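A.B. asks: Questions regarding the structure given below will be posed in turn.
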Ligand SMILES: N[C@@H](CCC[C@H](N)C(=O)O)C(=O)O
């Protein structure tokens, strides 16, 4: 038998699969087969999820473990900010360490335990980097621009301005009105840019943000490989950086920003030294369920005999969200 964890960061939900505990790690083909089945909102386990976070032995010196991100559709992402917070907590508890590096596809990233976000809501800070702006890093093409920085892109939506940032997974960001945030424009654009299209050959995560106040945003994300999510950590991080770059009168480097999302709230801090940018993302790392399943089942993309038990942490998280402003109107759910 092996144990999975069902977890979330701002209700961006995942299963953590620690391959180092298995007799035989799942192959890439087996992970690609398992992801769509276990994450399916109707037929998956525990109401599905946005992806699987796979923990392996590190491949880069200096890291405690490796995290791989398998999206709900089986594709692999270079990073996941909300997911990294939950993996950070899993590793912190496993190795009894509060600050260490996690090996992600493009870099070792620093993670640190933080004071609880609210009573019973454990929190971690994770580094979001490397940051790139050039069109090859996203990649995008056929737009007549080397980078998008508050750029009108009529090919996407006439009248809206877009910024593109790889952190290192690709993000497209637009600052919009409350009406534009809540209608279906984001869904239509997200579907378009993540299907066959001449602009983003690998797809892109699309973030619409409403400016609420100085250093304060509400962000809604259509994720590549997933669709609408309750929250996207790299998306909120990239959007915070875009906010500081495009609205310097309202958004500041090196001070905490408050980013609301349909699943809760996180804090971000954007940093800049010479031409080097990075972001700190701070938020909850909640474990909702323990899952026990036979390893042979997982190899066959099955979880029919899985046993689940709730951790009881969700009650504290729900109280934290109920006390927040701005979140309750746009709950997306899974
Ligand atoms: N939800 C994640 C991002 C997951 C990866 C994304 N779908 C992609 O393909 O880039 C986050 O919290 O950052």
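Throughout, read-outs are computed from the coordinates displayed, never taken from laboratory work. Bear in mind the structure is a predicted one, so any value in this text is a computation, not a measurement. Here the Cβ is made from the backbone with ideal geometry for all residues, glycine too, and neighbour counts use every protein chain on show.
A.B. asks: Report yes if residue 113 is under 30 Å from residue 319 (Cα atoms) and either free of Cβ contacts under 8 Å to residues at least 40 places away in the same chain or part of a loop (DSSP other than H, G, I, E, B) (or both), otherwise no. It would help to see each step written out before you state the result.
C.D. replies: On the way: under 30 Å from residue 319 (Cα atoms): yes; either free of Cβ contacts under 8 Å to residues at least 40 places away in the same chain or part of a loop (DSSP other than H, G, I, E, B) (or both): yes.
When the stated conditions are applied, residue 113 passes them.
A.B. asks: Just checking, how many residues over region 84-101 are touching a strand residue (DSSP E or B) at 6+ places or on another chain (Cβ under 6 Å) and closer than 18 Å to residue 8 by Cα?
C.D. replies: Residues in region 84-101 being touching a strand residue (DSSP E or B) at 6+ places or on another chain (Cβ under 6 Å) and closer than 18 Å to residue 8 by Cα: 9 in total.
A.B. asks: Now a separate question. Pick out, from region 250-315, the strands (runs of 3 or more DSSP E) lying fully within it that include 1 or more residues that are free of Cβ contacts under 8 Å to residues at least 24 places away in the same chain and within 30 Å of residue 3 (Cα to Cα). Talk me through it step by step, then tell me what you get.
C.D. replies: Working: elements: 257-261, 264-273, 276-284, 286-293, 307-310.
Once the strands (runs of 3 or more DSSP E) in region 250-315 are filtered for at least 1 residues that are free of Cβ contacts under 8 Å to residues at least 24 places away in the same chain and within 30 Å of residue 3 (Cα to Cα), what remains is 307-310.
A.B. asks: I've got another one for you. So is residue 308 over 19 Å from residue 176 (Cα atoms) and crowded, with 19+ Cβ neighbours inside 10 Å or not? Reasoning before the result, please.
C.D. replies: Values: over 19 Å from residue 176 (Cα atoms): yes; crowded, with 19+ Cβ neighbours inside 10 Å: no.
So residue 308 fails the test.
A.B. asks: Do you know which of the residues in region 75-110 that are within 14 Å of the ligand (Cβ to nearest atom) and free of Cβ contacts under 8 Å to residues at least 60 places away in the same chain is nearest to residue 222 (Cα to Cα)? It would help to see each step written out before you state the result.
C.D. replies: Kept after step one, since they are within 14 Å of the ligand (Cβ to nearest atom), are these residues of region 75-110: 75-88, 102, 104-106, 109.
Next, from what is left, pick out any that are free of Cβ contacts under 8 Å to residues at least 60 places away in the same chain: 76, 102, 104, 109.
Numbers: 76: 16, 102: 26, 104: 22, 109: 24 Å.
Among those residues, the one meeting the criterion is 76.
A.B. asks: If you don't mind, there's one more thing I want to ask. Please pick out the residue among 249, 223, 191, 214 that is crowded, with 21+ Cβ neighbours inside 10 Å and either more than 10 Å from the ligand (Cβ to nearest atom) or under 17 Å from residue 80 (Cβ atoms) (or both).
C.D. replies: Working: 249 fails: crowded, with 21+ Cβ neighbours inside 10 Å; 191 fails: crowded, with 21+ Cβ neighbours inside 10 Å; 214 fails: crowded, with 21+ Cβ neighbours inside 10 Å.
Result: 223 is the single residue among 249, 223, 191, 214 that is crowded, with 21+ Cβ neighbours inside 10 Å and either more than 10 Å from the ligand (Cβ to nearest atom) or under 17 Å from residue 80 (Cβ atoms) (or both).
A.B. asks: For residue 172, are the conditions met, namely being within 16 Å of the ligand (Cβ to nearest atom), buried (at least 18 other Cβ atoms within 10 Å of the Cβ) and either part of a helix (DSSP H, G or I) or in contact (Cβ under 8 Å) with a residue 40 or more places away in the chain (or both)?
C.D. replies: So residue 172 does not fit the description; no.
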